[in-house]
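Worksheet for the structure shown next.
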Amino acid sequence: MGPPLLNPVPKSLSPAGLTRGVAVQISGVRHVFPGGVEAIRRVDLDIAPGEFVALLGPSGCGKSTLLRLVAGLDEPTAGRVEVDAAAGSDDGRPLDRRADVACVFQDAHLLPWRTALHNAALPLELRGVPSADRLSAAAAALAAVGLGGAEHRYPAQLSGGMRMRVSIARALVTRPRLLLMDEPFAALDEITRQRLDDLLRRLWADTGATVLFVTHSTQEAVFLATRAVVMSGRPGRVVLDRPIDLPRERSADLRADVAFARHAGAVYAALERGEAVPA
Ligand SMILES: Nc1ncnc2c1ncn2[C@@H]1O[C@H](COP(=O)(O)OP(=O)(O)OP(=O)(O)O)[C@@H](O)[C@H]1O
Ligand SMILES: [Mg+2]
């Protein structure tokens, strides 16, 4: 027997198994790395349960650093980061950052000697979920990302887009209440990326999780998010915080819409302004 169960085993990723997102409060956060690099300065950001926030900013402005602070992988030098279970909890249980927060990075980080199914099941295995339960949960997560027929393939037998979908399935298998994504689709071709953007929007709508998504693409940010946050060059500060009030149902033709272009233009202008801010 492994360690005791920290969370109920997910039954499905359908709306019936809806997870309520958590709130994230970032107040007056500053982060200085050993050696003196000030990555971020005075960042304030309040994220409500179930929001989809896109985070943009020039390279090196501290986006990944901020994500690590929210994940609890690092402590801020000053200020507070709170991931608030109470506000979003559906059953009153305390938040467990390991169990309720999932991260997806630019590289899929799959174990090459494990099949897609066993990669997706890994977080449940680490938590001691019995084999039959974790494999059925992993199969459901793979089906949710459109990899129903590929459970028994190894990473080397999958395309880059498929590997990324396994990585998303592995993140979803614990039914996280907060999903942190750091440029997950940056290395993929445009068509694959748009398909995964579509998929992610649907999964977000289905699960109710809070999402914080880092991207360099203004188009991707506006397509995905309910809110776009732009940071300045290092040390990063918030220079734009804009609600993206586009319809909840978003399809590819939205990208040709005037309102879409207006949002993308505003985000782009903020990126340019942010670049110009002297460090
Ligand atoms: N462990 C570390 N030690 C020292 N400096 C670091 C460390 N990690 C990051 N930095 C520095 O902190 C700053 C912010 O880095 P971070 O990775 O958060 O930027 P980013 O916005 O994610 O950039 P990119 O868009 O290129 O991914 C950079 O100047 C980086 O060199
Ligand atoms: Mg980064």
Within the set of pairs 6+ apart or on separate chains, which have a first residue in the stretch 152-167 that is touching a residue at least 24 places away in the same chain (Cβ under 8 Å), a second that is hydroxyl-bearing (Ser, Thr, Tyr), and C-beta atoms under 7 Å apart? His152/Thr115; Arg153/Thr115; Tyr154/Thr115; Gly161/Thr192
Looking only at the stretch 6-37, which residues are β-branched (Val, Ile, Thr), at pLDDT 85 or above and within 22 Å of Val53 (Cβ to Cβ)? Val22, Val24, Ile26, Val29
Mind listing just one residue for me: the one in the stretch 197-219 that is small (Gly, Ala, Ser) and modelled with pLDDT of 90 or more and, of those, surrounded by the fewest Cβ atoms within 10 Å (Cβ to Cβ)? Ser217
Residues (surrounded by fewer than 23 Cβ atoms within 10 Å (Cβ to Cβ) and more than 11 Å from ligand 1 (Cβ to nearest atom)) located in the stretch 30-51: Arg30, Arg41, Arg42, Asp44, Leu45, Asp46, Ala48, Pro49, Gly50, Glu51
Residues in the stretch 231-247: is at least one of a type outside the set (Gly, Ala, Ser), within 16 Å of ligand 2 (Cβ to nearest atom) and closer than 14 Å to Ala266 by Cα? yes
Can you tell me which residue within the stretch 255-279, out of those that are assigned to a loop (DSSP other than H, G, I, E, B) and of a type in the set (A, V, I, L, M), is nearest to Val37 (Cα to Cα)? Ala279
Looking at the stretch 53-68 only, could you name the residues that are closer than 24 Å to Ala99 by Cβ and either surrounded by fewer than 23 Cβ atoms within 10 Å (Cβ to Cβ) or touching a His at 6+ places or on another chain (Cβ under 6 Å) (or both)? Val53, Ser64, Thr65, Leu67, Arg68
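Conditions (1) among the acidic types (Asp, Glu); (2) exposed (fewer than 14 other Cβ atoms within 10 Å of the Cβ); (3) at pLDDT 95 or above, marked per residue:
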| site | (1), (2), (3) |
| --- | --- |
| Gly72 | no, yes, no |
| Thr77 | no, no, yes |
| Val83 | no, no, no |
| Cys103 | no, no, no |
| Leu110 | no, no, yes |
| Arg114 | no, no, yes |
| Pro123 | no, no, no |
Selection status of Gly128, within 13 Å of ligand 1 (Cβ to nearest atom) and modelled with pLDDT of 90 or more: no
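The values are calculated or read from the model by the stated rules, or taken from the named source; none is laboratory data. The model shown is predicted, which means the values in this text are computed figures rather than measured ones. Here Cβ is always computed from backbone atoms with ideal geometry, including for glycine, and neighbour counts include all displayed protein chains.
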